[in-house]
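Everything below concerns the one structure shown next.
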Amino acid sequence: MRRAVDWLTSVPISAPKARPDDVLYGTEDRPPAGVTMIAVVQQAMLMLMLLVYAVITGERMGLDPAGVVRFTSTCIFGFGLSTLLQGLRSRLTPGMLMVAIPSPVAFGTYIGIISAWGPSAAVGAVISANVIILLITPQLPRLRGYFPPEVAGVAVFMIGVMIIPEGIQRSLSPDAAGIISAPSMIASVVTLAAIVLCSIWGGVRLRVMSLIVGCGIGTVIALLLGAFDFSSLDNIPELGFFATPLPSPAAAWPTFVPAAILAYTVIELVHLMDQVASALTMDKLSDKNWVRADMSITARSSMANAIGNVVCGALGTLTGATSTANIGLAHASGVMSRFVGIGTGLLMMLLSFVPVVALVIVLTPGPVVGGVLIYTAAFMIIAGMELVLSRMMNSKRSFTVGFSIVIGFTVVTLPALVQNLPEWSRTIAASGLTVAVLTAIVLNALFRIGTSRTVTLQFEEGTPRAVQAAEHLEHWGAEWGARREVVMRGGMAVGEALELLNDGGFIKGAVALTTRFDEINLRCTITYEGEKPRLEQTAAPDLEALLNAEDDAALDAGLSEMSTNLIRRLADRVSVSSKGGKASLLLEFNH
Amino acid sequence: MRRAVDWLTSVPISAPKARPDDVLYGTEDRPPAGVTMIAVVQQAMLMLMLLVYAVITGERMGLDPAGVVRFTSTCIFGFGLSTLLQGLRSRLTPGMLMVAIPSPVAFGTYIGIISAWGPSAAVGAVISANVIILLITPQLPRLRGYFPPEVAGVAVFMIGVMIIPEGIQRSLSPDAAGIISAPSMIASVVTLAAIVLCSIWGGVRLRVMSLIVGCGIGTVIALLLGAFDFSSLDNIPELGFFATPLPSPAAAWPTFVPAAILAYTVIELVHLMDQVASALTMDKLSDKNWVRADMSITARSSMANAIGNVVCGALGTLTGATSTANIGLAHASGVMSRFVGIGTGLLMMLLSFVPVVALVIVLTPGPVVGGVLIYTAAFMIIAGMELVLSRMMNSKRSFTVGFSIVIGFTVVTLPALVQNLPEWSRTIAASGLTVAVLTAIVLNALFRIGTSRTVTLQFEEGTPRAVQAAEHLEHWGAEWGARREVVMRGGMAVGEALELLNDGGFIKGAVALTTRFDEINLRCTITYEGEKPRLEQTAAPDLEALLNAEDDAALDAGLSEMSTNLIRRLADRVSVSSKGGKASLLLEFNH
Amino acid sequence: MNITEYTDRDVAVMSISGRIDGTTSAEAETAILARIPSVPALVLDLQHVDYVSSAGLRVVLKGAKSARSSGARLVLAGLTPQVREVFDISGFSSVLEIHGSTPEAIAAILKTGGS
Amino acid sequence: MNITEYTDRDVAVMSISGRIDGTTSAEAETAILARIPSVPALVLDLQHVDYVSSAGLRVVLKGAKSARSSGARLVLAGLTPQVREVFDISGFSSVLEIHGSTPEAIAAILKTGGS
């Protein structure tokens, strides 16, 4: 046990972080109690506003008012736990201020699974999907090529599209005859307008709280105009001041339905991409010296989220994702301390025992919720477009994205086509989001087959070889979508190696550079006629001593192994071989 | 009469064009007969493939097979005339190779108008809308701010979305019970795959013909698998070899319904934006020295299209737009001569008298048409996204685009909401495209109100004033979305003016720069304490003589008025004034 | 304004960056006039110049005059569109040799020789 | 490789662009070693250097050694991420003075004086 705890808390070293100038309290800083309290309350308030998806899910599950309140309270507890995990630093959790909220991606599929196979299948699917994610997470770097930004962009875009009907229905509250309610529409438009005006013309801090401001104003208008179902107040269940957030009795024991697990795993893959992006954003915002993606911290953030989601699944709730609005709040207020995350998580877990908190959220007027949903949809659609176009488009990427969206829309606008599919596939096929993302993943993987992953450069006369090698690597790196920093490092090491081989007189004839990329590694092989060099790791020279040395000869001698050392340190693995007058030098770089 | 023809053919001078190196025959070149013939046949074939929207429109109008053939023939005639007009050079037509095709934007609204008010209302709407466009065209530069790229992007995006159901229905050919036809689906997928493969891995020329290749292969597969309604062959009307393309008898006399005219005018506004973009593209591709948008040629191209559309309207067909695929063909084949455009137009007008040509297009198997439509939809969606993101996004633009798309989708996915609207507004509201574009136009116009169009710069010590002025202009130019070349010219002229005022000793105290932008003009006013300068236009110096002059004094004397001349030529209007010790210098630039 | 001088295939190139205006024209003039007498041809690379005022034009014309009297050749290269416009509307384009880029200018000089 | 020299607020700046490798290091060495004895401080602006090989590192270290013996100060500025990485992994970052940008480097020199 003791050993397990030691293992868990001995966090692998990652690069030291430095607080940027515009941040008041960095990740590791412990702000004074007053500041912490204000920050925690702000983060928790924003999180509570975003609980609307939990409420929608509860209502669509057909729960009675008391059931919806209990479901919402249970969600608050689960997401509080996720937030707490993100704030702790261990081998499985990142130690960052990342607040979890119910995911707009998950609720459609979650409800679909419940209506097809009942609540216990949903519990099984959520738990299984997140265990799968936990197993996948360590393989993340290897799989990156299968989930490029344009695939994530399709997902974000389709999430926006899927929210629209829900948002419009709540905003217009049409009656059975389809006649829309004017007070509802006004309240919704006011909510939307208030959010938009705050975010366009407000200062930085008002902008972050625009959701809360919009909901406040919208609720007042809705109450004044009567765009509020007052009968819902009659149905308010008798709530004690204190109640344990318990799972729904129906969901007590999980059942495992393969189709449900598959459908929910796709959803969690989308979350995984989202979680990686959020963790990178947070890490970038809170580190002045940020240079390269810290894969350790993103992996731990994804694991923390998956662990939290397993608990959510067991409690019978849907799963969560990191709230980008809360990241924005942290950045705008300048308080990014992970201790605020721990505090927010604990506060939420406490509040989940006070049912009246969930009740207030449940009672938020429908048109106000509708306005928030429409706002979210509009910005998800744009964010998706920006993600799609964040890499240069070519014919393959254009078609991958365009066709995926076409298929996604088809499902949304022509639901009749889905009705004749086999039962097991219907939950997947019925969701435009799932279908679009699966299409994008499959097309992306198909088109990868057609892309040559191994290219050879025959050096030409005239331009220096190192320059040719650098241009060659940059060109193909872009074509493959390899990370720029890895490509640059490759160019450095290959250039150094060419120089070393040349100056050392190893090269006797033709030289070629073969480059291979497989998402995990970039492998550069220099083959040439001649002998193989010795590339032994030696101790680093004492530079300070060299600087103070009497003569330049000492300096030159001290630096004689510099070239070998540089190559060895730039590349992750180096090997040399020779055979029949031909030699080759292989440099490998982790990607 | 003679005088009218003279007026029409005396084309206002625009900048001389130079053929780029990769173009074999430029706009004004007359290729040899053989080359012309091949180019004309290729352009006409591609155009005929794109007639599918005319066929769809005819079928959806409820015409019998003979009627569809006649409708398609009439379309070929009308679009041939439009193509001919684009090829001629006159005061109202540009003289460019631009091929007209039935527009995917128009057909939904066109059919909507026919089903609501009958064919004669459609004739009236098409004619009226295009007369309105003819009146608007000269005001184009003034109105640009109301139709920025993101509004055009919403239009293109929504066109893609609107095509989807049509494409999917034809691809899957579901029966009454909703069971899809496997042969249909296979034929459609093969068509789509062939187009995609040609455009991804084909050479430049194969890429341009990918539509024709895809349709050919798809048709063969459809015939082999029996995914073709052979019964349609039984219904083939008795067609003579020769028949005059006549308007439908039902549409003989136009009626004018305001709601129909409004709906169609919105469609034609979208076309107008599209036409401007196409004309700019063509001009850019065919002119080596292309520097700035030639507003004369784009306006004349828009007018030619509108005139052609008035004729199309009178013939009882829907309207056309310039085919970007044909522009691509012209560029890829290197033949951009306007005489090819004239030839293509004449050939199409001839072919319209041979009904079997239209029949072949009408008989193209449904799944093949479906595959083409899906391909088009996918690329329209991406093209729309790229247009939207072609300007830097800010909160206002994000919300304008996002909300417009949300509203467009709402109409597509929740048609029930539209059913309770007043009859007159239903044709507009029923089209997701029209609603989305109108929303984008209105939101864009609303947010323009909130943007300050006049800004004042108080110069600071330290940095040279000209540098401050240039940075100020570039910042605000981007904010306003002003054209970069105009902003750069403004920076040049203001810098020169500041230097002249300073060196001439006119400035005695504080200096400020006030800039105002209203889409038509960029106005820069320099106000300062001191005297006003004289800025009289003088003759340009004989530079050759100055170069050969004996001494530098002659050179300096010859260039003494250079500063004034530069300012006068960079700015479109210059005026100076002074009052009570304060002077001001106003520089105006056309936008 | 920065001035960098180098030779490419034995052709002298003077690359100027920044603004050539009243404040910086004297420096540019000194550099150009000092260089011209010693070379058969000089390429003025204006690729990184984003602003030329009339004072800058005067310097270029003085350079061209000096080149003409010493039998050398002054060639301009890489003008940005806005700088090109100033050369066009002032009529300077018609009396000066202007190429699209420095490599093109050097190629032209190597082909036809200095002066 | 191009080398531009200028002074900004009386601080000598040497701006290098391109690649500092085996082919170009001799030229850089000559320029740096010629400049150092005559100035109290020299900023090496590497903003436009996209590649430094071990030969380039050697030149910089020689420059630092020469500066130390003549009581001058050699300051590096504006390193791109990949060049910075080479300085980091070779241990050079710990013995050299490196600033984010040339203005920062000049400000640091003006504040604390040369050497």
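Here are a few things to note about the model shown:
- Nm distances between copies for A:Pro258, ranked from closest, using label points 7 Å along Cα→Cβ: 6.4
- Around the amide H of C:His99, modelled in the peptide plane, lie the amide H atoms of C:Leu76, C:Ala77, C:Gly78, all under 5 Å away and 5 or more residues distant in sequence or on another chain.
- Sorted by Cβ neighbour density within 10 Å, fewest at the top, the residues B:Phe79, A:Phe256, B:Phe107, B:Phe589: A:Phe256, B:Phe589, B:Phe107, B:Phe79
- Vicinal HN-Hα couplings computed from phi for segment B:472-479 (Karplus, 6.51 cos²θ - 1.76 cosθ + 1.60; Hz; Gly/Pro x): 4, 5, 5, 4, 6, x, 5, 4
- Relative contact order for segment B:116-225: 17 percent, from Cα pairs under 8 Å spaced at least 6 residues apart, divided by residue count.
- Axis angle, to the nearest 10 degrees, between helix A:366-388 and the longest C-alpha principal axis of chain A: 20 degrees.
- Taking amide H positions as modeled 1.01 Å from N, with prolines and chain starts lacking one, the residues under 5 Å from B:His591 and 5 or more places away or on another chain are B:Asn521, B:Leu522.
- Each copy carries B:Gly34; placing its label point 7 Å along the C-beta direction from Cα gives inter-copy distances of 9.1 nm, listed from smallest up.
- For chain A, lysine pairs with C-alpha atoms less than 26 angstrom apart, excluding pairs fewer than eight positions apart on the same chain, total 7.
- Between helix B:484-503 and chain B: long-axis angle, C-alpha atoms, 0 to 90°, nearest 10: 0 degrees
- Overall form of segment C:2-112 per C-alpha gyration tensor (a/c, 1.5; a/b vs b/c): rounded
- For A:Leu92, inter-copy separations between label points set 7 Å beyond Cα along the Cβ vector come to 7.9 nm, shortest first.
- Shape call, segment B:454-590: gyration tensor on alpha carbons, a/c limit 1.5: prolate
- C-alpha long axis of helix A:338-351 to longest principal axis of chain A, angle in °: 20 degrees
- Note on B:155-165: average number of Cβ atoms from other chains within 10 Å of each residue's Cβ is 2.
- In order along segment A:102-113, phi translates into HN-Hα couplings of x, 8, x, 6, 7, 5, x, 5, 4, 5, x, 5 Hz, rounded to whole numbers, per the Karplus curve 6.51 cos²θ - 1.76 cosθ + 1.60 with θ = phi - 60° and x for Gly and Pro.
- Mean residue ellipticity (222 nm) of chain D, computed from DSSP H runs ≥ 4 via -39,500 (n - 2.57), nearest 500: -12500 deg cm²/dmol
- Value of D in µm² per second that Stokes-Einstein yields for the protein assembly as shown, Kirkwood Rh from Cα pairs, at 20 °C (1.002 mPa s): 59 µm²/s
- Prolate/oblate/rounded label for segment B:11-139 (Cα gyration tensor, a/c 1.5): oblate
- Taking θ as phi - 60° and the Karplus parameters 6.51, -1.76 and 1.60, the scalar couplings of segment B:563-568 work out to 4, 4, 4, 4, 4, 4 Hz in sequence order, x denoting glycine and proline.
- Across chain A, the relative contact order, built from alpha-carbon pairs under 8 Å that are at least six residues apart, equals 22 percent.
- A simple count of charges around A:Glu536, restricted to other residues whose Cβ falls under 9 Å of its Cβ and scoring Lys, Arg +1 and Asp, Glu -1, yields +1.
- In terms of other Cβ atoms within 10 Å, B:Ile38, A:Ile132 run from fewest to most in the order B:Ile38, A:Ile132.
- Counting, for every residue in B:534-541, the Cβ atoms of other protein chains within 10 Å of its Cβ and taking the mean gives 1.
- Averaged over the residues of peptide B:561-570, the number of Cβ atoms from other protein chains lying within 10 Å of each residue's Cβ is 4.
- Remark on A:Lys582: its backbone amide H falls under 5 Å from those of A:Gly530, a criterion applied only to residues 5 or more positions apart or on other chains, H modelled at 1.01 Å from N.
- Protection proxy ranking of A:87-96, C:101-110, by the mean of other Cβ atoms within 10 Å over each peptide's residues and highest first, is A:87-96, C:101-110.
- The ranking of B:Glu529, B:Glu544 from fewest to most other beta carbons within 10 Å of each one's beta carbon is B:Glu544, B:Glu529.
Each value in this text was obtained by applying a stated rule to the coordinates, not by laboratory testing. Just so you know, these numbers come straight off a predicted model, no measurement behind them. With ideal geometry, Cβ positions are generated from the backbone for all residues, glycine too; neighbour counts draw on all protein chains shown.
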